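Remarks on the structure that follows.
No value in this document is a laboratory result; all are computed from the given coordinates. Just so it is clear, the model here is predicted, and its values are computed rather than measured. Glycine also receives a Cβ, built like all others from the backbone with ideal geometry; neighbour counts cover every protein chain displayed.
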Amino acid sequence: MAVGYLMMQARTAHDALPLSGVQIRVLDDEQNRIYELTTDENGETRSVSLETVDKSYSQNENFQGTPYVTYNVLAQAQGFNSLYVADIPIFDGELAVLPLALVPMQEDQRNSEQTEIVVGAPAVTMSGQRDQDGPEGDLGSPYVLRQVVIPNPITIHMGTPDAAASNIQVPFVDYVKNVASSEIYPTWPDAALRANIYAIITFALNRVYTEWYRAKGYNFDITNSTAYDQYFVYGRPIYESISRIVDQIFNEYVRRQGQKAPYFTSFCNGTTANCAGLSQWGTVTLANQGYTPIRILRNYYPDDIEIAETNAVSNVVTSYPGTPLRVGSTGLDVQTIQTYLNRIRRNYPAIPTITDETGVFGESTRAAVTKFQSIFNLATDGIVGKATWYKISNLYTAVTRLAELNSEGTSLGIGTVPPSSVLRQGSRGQDVITLQYLLDVISEYYAAIPSPGQDGIFGNKTGEAVVAFQRQMGLVADGVVGPATWNSLYRTYQGIGQNVPPSQPAPNPTPNPGNVIVYTVRSGDTLWLLANRYGTTVDAIKQASGLTSDNLSIGQVLRIPVSQNTGYFLYTVRPGDTLWLLANRFGTTVNAIKNLNGLTSDALRVGQVLRIPE
């Protein structure tokens, strides 16, 4: 009998918090218990072996049976709703890594509720015809983006375009791994896997680049419908063979020579369904004949297609430097990675402490990188390539965001009693800030609830988040925040606080001693960047703040010396910033910032440099 493997990872808040002590049962199709496991400090179980079918059957398009064996997983943890994942396909020789995103119970919830996810058969086995409508070479539409950008996250509608279904936001890399694991068999030859993954990446980027759905008024990038787009199963396991390839090529896509746009790479299984694009089963035949991935793709798409690369990734604090970092590397990029890993280590203590000199990639940095890679299923080579860089950056953003939210909740004075106001589109003020903060926190734990950001204005994004929350909680989804919605928001928020391991809060700010800026460290800050932003030196900041090293942590309060003569300091706009938030953060007014910078509107752009009154 052939053998496959399964490992579970229990985490919450976009992987920011590992959940240890989760009790997991692995069951067969008759609900017989095969394994009982408990997650460790990283939220992981060991890999377990499971009987399955010989891989040759999953490589033969004429085989009429099921070329794998399915299993079920039940995960339970105190303070969290339980999760049951059914019909998990296990393939010969393949490791399936199952993410378990557990949701905290609400404050007054006495018994755990159970969510069920059904994984089921890959799309390559489905007999339904695909109708992947897309642009036929005419990309002169005003809705086409200026450049090819990796959407991070990508927003997936969990149904056909007009269905009343939820939207899910996930990092683009995770989306591609999920779709590839949902569409095809992981046992296929490497060239066939790569050709299919290139088609999957390019199809999604084409949807984003042409704003195929958003130009039609939808609030998502792509659907999970096999009829319209490509298959995505939220909460399904990811196969290691697919994961490794995606990590290498997630920012590469297919285009025609001389063009920038991602080609419309439609596809179907090529057996029960035929189409003008790529045949999934046909890629296996061609790979077995020795075809390379690009040659396979040119067999189905125009002969002049090529593989291109984009390094534009949205919502990333610091972009990949372009060359891998390894032992012997030095400079600001190394310092950035060291800062990020030292902060991530607070949530993942298995990552060893970095003792190398700041900005120098030595053995302790390599050890920390290697352990990080091991925890997050990356190639454990101790080298920070693009996949490791972006995973570290994404996780750093997640862990620091939780710390910021905890600190912000204290400063906002959320309390335990909901406001009595009724909020709707167009509302403004402090109660809207409270609403947006609550939704921001809750969105970290509920994948179908988007984060609205906090600007004190009840606009479209806040409305979408409110409706998504109301649907999630079984309320009337009218987008109006009245007593029932307020009470549910508070119960959910307080349940998170009771059941989730707390992030470390920011220290209390110290009084401004004069001639310095009192600054709270945010995501992506380094002493070098702050020194340049405020026209001072690293040593001056360290001396004024009593620092003995260059390492910073989110929420840390610094004293930054500034010139006595300018009356302002320079600030670079970051994602989520608004004039209202900046004015409150730095103790000034919106009009003062606008007047000093000659601004005629409240609109800001990321990377814009502002003068902030001292």
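Here are the numbers for this structure:
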item: Three-way shape label, the range 252-385, alpha-carbon gyration tensor, a/c 1.5; result: prolate
item: Angle in degrees between helix 386-412 and the longest Cα principal axis of the chain, rounded to the nearest 10; result: 50 degrees
item: Greater than 22 Å apart at Cα, pairs in LYS177/LYS216; LYS177/LYS391; LYS55/LYS177; LYS216/LYS391; result: LYS177/LYS216; LYS216/LYS391
item: Qualifying trypsin sites (Lys or Arg not before Pro) for the range 402-496 [loop in DSSP, other Cβ within 10 Å: at most 15]; result: ARG424
item: Separation of alpha-carbon centers, the range 20-45 and the range 199-222, rounded to whole Å; result: 37 Å
item: The range 332-404 shape via C-alpha gyration tensor axes, a/c threshold 1.5; result: rounded
item: Candidates per GluC sites (Glu not before Pro) in the range 13-79, loop by DSSP, up to 10 other Cβ within 10 Å; result: GLU30
item: Anisotropy class of the range 2-120 from Cα gyration tensor, a/c 1.5 cut; result: prolate
item: For the range 51-192, the spread of Cα positions along each principal axis, largest first, Å; result: 56, 45, 25
item: Efficiency of FRET from Cβ geometry, ASN591 and ARG244, R₀ 35 Å, rounded to 0.05; result: 0.05
item: Computed [θ] at 222 nm, deg cm²/dmol, the chain (DSSP H ≥ 4; -39,500 (n - 2.57); rounded to nearest 500); result: -9500 deg cm²/dmol
item: Estimated distance in nm for a label pair at GLN23 and THR330, the labels positioned 7 Å out from Cα along Cα-to-Cβ; result: 5.5 nm
item: Given the chain, longest segment not containing exposed loop chymotrypsin sites (Phe, Trp or Tyr not before Pro) (DSSP; at most 12 other Cβ within 10 Å); result: 144-614
item: Alpha carbon centroid spacing (whole Å) that separates the range 80-111 from the range 305-342; result: 32 Å
item: Inter-part distance where the range 409-485 and the range 350-402 are each reduced to a Cα centre, Å; result: 35 Å
item: Descending principal axes extents, the chain, alpha-carbon based, whole Å; result: 78, 58, 51
item: Among beta bridges that DSSP assigns inside the chain, antiparallel share in %, nearest 5; result: 75 percent
